[in-house]
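Here is the structure we will look at, set down as structure tokens.
The values are calculated or read from the model by the stated rules, or taken from the named source; none is laboratory data. As the structure is a computational prediction, the values presented were derived from the model and not from experiment. Glycine also receives a Cβ, built like all others from the backbone with ideal geometry; neighbour counts cover every protein chain displayed.
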Amino acid sequence: MNSIVTQRFINCHDKLREDGKVRSSRQFALALDYLPQSLSEVLKGRRDVTIELLRRAVEEYDINPMYIFTGEGTMFNARDGNRDFRLLTVVTDAQNDERIVHVPVPAQAGYAGENLDPLFFDELPTYTLPDYKYRVGTHRSFDVAGDSMEPTLFEGDKAVCSYLEPGLWETSLKDNYVYVVVTRGDVVVKRVFNKIKSERCLELRSDNDFYQPYKMPIGDVREIWYVRAKISPFLPSPNSIQNLVRAEMQELKEVIQQQSAIIASLNEAVDNFAARTPSGDNM
């Protein structure tokens, strides 16, 4: 059974044909550089529409992405309409399989920018993971900056995330789970509490108690990514860490003993010197 997003995409396709803006489904597919046979599978409900196909349709036919993902608004934007709502750009390999795009810290300000050029992604590293769950859907990874999520995530960790469609934010965003939230100007990783229905906002909390929670208006949110895993720099095994601590403690103990011996020797020298020095009364 196809998703509600796919059904809305089909509705837009049907409306374009009804209004005579496309002569046939084949013409529609070719205009989007998409195989007509694959589009036929989507229109028959045998497969779901892809993010990349949606992006092309929005650009070519001015389909309103807000309608696609939330069901709100008109099916189509006016030519001079508001285009603030951003569709996801994906990167595929030669087999048309999506790759995981990694967004390092230096690129995050540009990633959160108002007008993100698809060519921006040509400069970002991409990769795949062997687990099957990372081959279904759209995934992205982000560098973790700062210490606000310690001890869950540390600076230098990479948060591997799956994309949460805007139409699912209100119903599927789970309280107390960790998400990467892309706002109008920033990329943050926080523990999220869903207050969309009651207050039209998200409450963002850090795992480090030093940082206070704050609320983010839903209108400022561009993308939400559910953190599924983390990639951390290699650390010695716990036994090795214990051995390092023991070695450092032993070294510190030896330094203290040496200093104690030096202090004791100085005290003895001072006592001997005082014993040999005549008192002031005999001078």
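In the set Tyr214, Tyr163, which member is aromatic (Phe, Trp, Tyr) and without any contact (Cβ under 8 Å) to a residue 12 or more places away in the chain?
Answer to the selection: Tyr214.
When you go through Arg222, Arg205 one by one, which is the residue that is surrounded by 15 or more Cβ atoms within 10 Å (Cβ to Cβ) and at pLDDT below 95?
Arg222
State all residues of region 60-92 that are among the acidic types (Asp, Glu) and at pLDDT 85 or above; if no residue qualifies, say none.
Those that are among the acidic types (Asp, Glu) and at pLDDT 85 or above: Glu60, Asp62.
Which of the residues belonging to region 1-46 are among the aliphatic types (A, V, I, L, M), part of a helix (DSSP H, G or I) and under 24 Å from Pro166 (Cβ atoms)?
Ile4, Val5, Ile10, Leu16, Leu39, Val42, Leu43
Quick check, is Thr128 within 15 Å of the chain's Cα centre (by Cα), farther than 17 Å from Thr70 by Cβ and of a type in the set (S, T, N, Q)?
No: the conditions fail for Thr128.
Residues of region 39-64 being surrounded by fewer than 15 Cβ atoms within 10 Å (Cβ to Cβ) and touching a helix residue (DSSP H, G or I) at 6+ places or on another chain (Cβ under 9 Å), which ones?
Once the filter is applied, which keeps residues that are surrounded by fewer than 15 Cβ atoms within 10 Å (Cβ to Cβ) and touching a helix residue (DSSP H, G or I) at 6+ places or on another chain (Cβ under 9 Å), region 39-64 yields Ser40, Gly45, Arg46, Arg47, Glu60.
For region 155-202, give me each residue that is modelled with pLDDT of 95 or more and of a type in the set (Phe, Trp, Tyr).
Correct list: Tyr177, Tyr179, Phe193.
Quick test for you: out of Lys190, Lys230, Lys215, Lys195, pick the one residue that is touching a strand residue (DSSP E or B) at 6+ places or on another chain (Cβ under 7 Å), over 23 Å from Ala159 (Cα atoms) and surrounded by 11 or more Cβ atoms within 10 Å (Cβ to Cβ).
The match here is Lys195.
Among the residues of region 111-129, write down those that are exposed (fewer than 11 other Cβ atoms within 10 Å of the Cβ) and closer than 18 Å to Ile51 by Cβ.
Across region 111-129, the qualifying residues are Asp117, Leu119, Asp122.
Consider Leu54 carefully, then state whether it is aliphatic (A, V, I, L, M), modelled with pLDDT of 85 or more, part of a helix (DSSP H, G or I) and more than 27 Å from the chain's Cα centre (by Cα).
no
For region 140-244, which fully contained strands (runs of 3 or more DSSP E) count at least 3 residues that are in contact with a Leu (Cβ under 8 Å, 6 or more places away or on another chain) and under 30 Å from Tyr67 (Cα atoms)?
Filter on region 140-244 gives 158-164, 177-183, 187-195, 214-217, 221-231.
Is it the case that some residue within region 98-109 is modelled with pLDDT under 85 and surrounded by 13 or more Cβ atoms within 10 Å (Cβ to Cβ)?
Taking every residue of region 98-109 in turn, none turns out to be modelled with pLDDT under 85 and surrounded by 13 or more Cβ atoms within 10 Å (Cβ to Cβ).
For region 17-37, state whether one or more residues are exposed (fewer than 14 other Cβ atoms within 10 Å of the Cβ) and under 30 Å from the mean Cα position of the chain (by Cα).
yes
Hey, can you tell me all the residues within region 130-146 that are within 13 Å of Asp97 (Cα to Cα) and surrounded by 15 or more Cβ atoms within 10 Å (Cβ to Cβ)?
Selection gives Tyr134, Thr138, His139.
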